[in-house]
Structure formats: C-alpha cells, structure tokens
Amino acid sequence: MELAVLLAAGLRDWIDFGVIIGILMLNATVGWYQEKQAADVVASLKGDIAMKAEVIRDGTLQEIKARELVPGDIVRRSRVFDAFYFFVAHGLTDLSSFWKKARSSLVKPV
C-alpha cells in the first residue's frame, strides 16, 4: 500500500494519492484502537486472576494478594490451595513447579 502511494505521487495522480493516504490513515486508526482495546482487556484479566488469599492478620480476617503474605499470617483460603487440590484431584503428581512458585507465599495453612 505504501508503494502505491509512492507510485501515485511519482505519477502525479493526486486523486489516487489522496484516496490511498485516506485508506492508510483509516487502517492505522482502526489498528491503534483495536490494540488499545486488547491491552485494556489483558489488564482487566490480569487483575481478575491475581492470586489472592484470605488470611488472619492481627486478629482480623483480610483478603490480600498472595505475594503480600508474611510470616505469621494464617491462611484460611487461597487460590494456591485451590489449585493444589485441583492438581491432586486430577492425578497430577509432579507438583515441583507448582511448589516452587507457591512455597514463598505458603505460611501457616489452616
């Protein structure tokens, strides 16, 4: 398409030149808008799937992100444990990669 613009300009065919430039601008605008929408959807999904845990901290029940767990937190419910039970229920016995990721956030499961 860009080559067509150069060819139209070189041949001094200004009507074709303007039409092709218009199409290229429309294509660029639509592409930018779709890319922005896709980025917004990805950001929304990342927020939805963030690993969270219900913990008892300082005597109160709180829901926090799993990466914010500290020693002394008592974990009541967590997506980490839900995933573990899913793996076990489906006969997956090699959980080494699962535990490498989750080990640092597992403190005192109840």
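The values are calculated or read from the model by the stated rules, or taken from the named source; none is laboratory data. Here the structure is a predicted model, which is why all the values come from computation and not from measurement. All Cβ positions, even for glycine, are placed from backbone atoms using ideal geometry, and neighbour counts span all protein chains on display.
Can you confirm whether region 31-50 contains a residue that is exposed (fewer than 12 other Cβ atoms within 10 Å of the Cβ), of a type in the set (A, V, I, L, M), under 28 Å from the mean Cα position of the chain (by Cα) and at pLDDT below 75?
Among the residues of region 31-50, at least one is exposed (fewer than 12 other Cβ atoms within 10 Å of the Cβ), of a type in the set (A, V, I, L, M), under 28 Å from the mean Cα position of the chain (by Cα) and at pLDDT below 75, which makes the answer yes.
Evaluate the following for Arg79: is it among the basic types (Lys, Arg) and at pLDDT 80 or above?
no
In the list Arg12, Arg67, which residue meets the criterion of being out of contact with any helix residue (DSSP H, G or I) (no Cβ under 9 Å at 6 or more places or on another chain) and of a type in the set (D, E, K, R)?
The match here is Arg12.
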